[in-house]
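First up is the structure itself, then whatever we jot down about it.
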Amino acid sequence: MIDLTKITKDGKALFLAYDQGMEHGPTDFNDESVDPSNILKIAKEGGFTGVILQKGVAEKYYSGQVPLILKLNGKTSFIKDEPYAPQICTVTEALKLGASALGYTVYVGSQEQEKMFTEFSNIEREAHEKGIPVIGWMYPRGKEVVENAETIAYAARVGLEMGADIIKVKYPGDLKSMEWIVKSAGKTKVVVAGGAKEPLDSLLEMTKIVMQAGAIGLAIGRNVWQAEEPLVVCQKLKEIIWGIGA
Ligand code: FBP
């Protein structure tokens, strides 16, 4: 088993996702969040167990604030056909930038799936030889695929079958579905994405369900750095993930 202790605390995880500049463009940002330095400050002060960056941002802004999870592939939202996010950073480059773990998105069910399977497998082989964990963003997507609880569970299972150490999935909407996703992922650990900004109460309720279902935590972006007081949100999330007073 690959050691996850660099990016977890007591087996639980809270990752700050900041690859949206690539995935959605700066439309997600305001004057504060457009500056990666402010995000890294939140990552450190908020007690995150890892921050997720693309290589360009890591190169120019990262200096060991919290453990780095380097995203090795990505795409823009202009792509409307079958989704494929090409690899844009190598394992060697990521390690030079100080990465403690690597991230890669697989659009499970896309007509381009084969390319992502191949890239993911090659990355994973090299990373595991070096003892580095690989996190798979396992998203069921493509013209033949509807994203729902069942297809998210399928994508989660593909993460296990492919050997991901952790998978990141979208929240399916209820406890029973979430439990099935966690079961489907087996010994592969599960973290859940935050999604678009929503009221704090709903976010906290989702976090409780996610933890109750057996996931190890969240990999969350917009719901933290789009909040008026990101550190207050972090504290509440930590209280749920690690227990009161975390
Ligand atoms: P959020 O918590 O902001 O949703 O971030 C999670 C994440 O997976 C990011 O890592 C990624 O940039 C984004 O969501 C991709 O979302 P989508 O593919 O649904 O546009």
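FYI, it's all coordinate maths here, none of it is from the lab. This structure is a prediction, so every number in the text was calculated from the model and none was measured. Here the Cβ positions follow ideal geometry from the backbone for every residue, glycine too, while neighbour counts run over all protein chains shown.
So for the stretch 47-58 (the condition being of a type in the set (Gly, Ala, Ser) and more than 15 Å from the ligand (Cβ to nearest atom)), does at least one residue qualify?
Within the stretch 47-58 (the criterion being of a type in the set (Gly, Ala, Ser) and more than 15 Å from the ligand (Cβ to nearest atom)), the answer is yes, since at least one residue qualifies.
Scan the stretch 209-246 residue by residue and report those that are away from the ligand (no atom under 12 Å from the Cβ) and assigned to a loop (DSSP other than H, G, I, E, B).
Across the stretch 209-246, the qualifying residues are Ala213, Gly214, Ala215, Ile216, Glu228, Glu229, Gly243, Ile244, Gly245, Ala246.
How many residues does the stretch 180-196 hold that are farther than 24 Å from Tyr18 by Cα and more than 16 Å from the ligand (Cβ to nearest atom)?
The number of residues fulfilling the criteria is 7.
Taking the stated definitions as given, is Ala164 surrounded by 23 or more Cβ atoms within 10 Å (Cβ to Cβ), touching a residue at least 40 places away in the same chain (Cβ under 8 Å) and assigned to a helix (DSSP H, G or I)?
Criteria not met by Ala164.
Looking only at residues that are within 12 Å of the chain's Cα centre (by Cα) and free of Cβ contacts under 8 Å to residues at least 60 places away in the same chain in the stretch 172-193, which one is nearest to His128 (Cα to Cα)?
Val190
How about the stretch 213-229: which of its residues are on the phi > 0 side of the Ramachandran plot and surrounded by 24 or more Cβ atoms within 10 Å (Cβ to Cβ)?
Gly217
Of the residues that make up the stretch 28-44, is at least one under 16 Å from Ala219 (Cβ atoms), among the small types (Gly, Ala, Ser), touching a residue at least 24 places away in the same chain (Cβ under 8 Å) and in a helix (DSSP H, G or I)?
Yes - at least one qualifying residue is present in the stretch 28-44.
Take Val191 and decide whether it is touching a strand residue (DSSP E or B) at 6+ places or on another chain (Cβ under 6 Å) and either over 22 Å from Ser177 (Cα atoms) or part of a strand (DSSP E or B) (or both).
So Val191 fits the description; yes.
Going through Gly74, Gly11 one at a time, which residue ends up being within 24 Å of Met138 (Cα to Cα), under 17 Å from the mean Cα position of the chain (by Cα) and within 11 Å of the ligand (Cβ to nearest atom)?
Within the list Gly74, Gly11, the selection yields Gly74.
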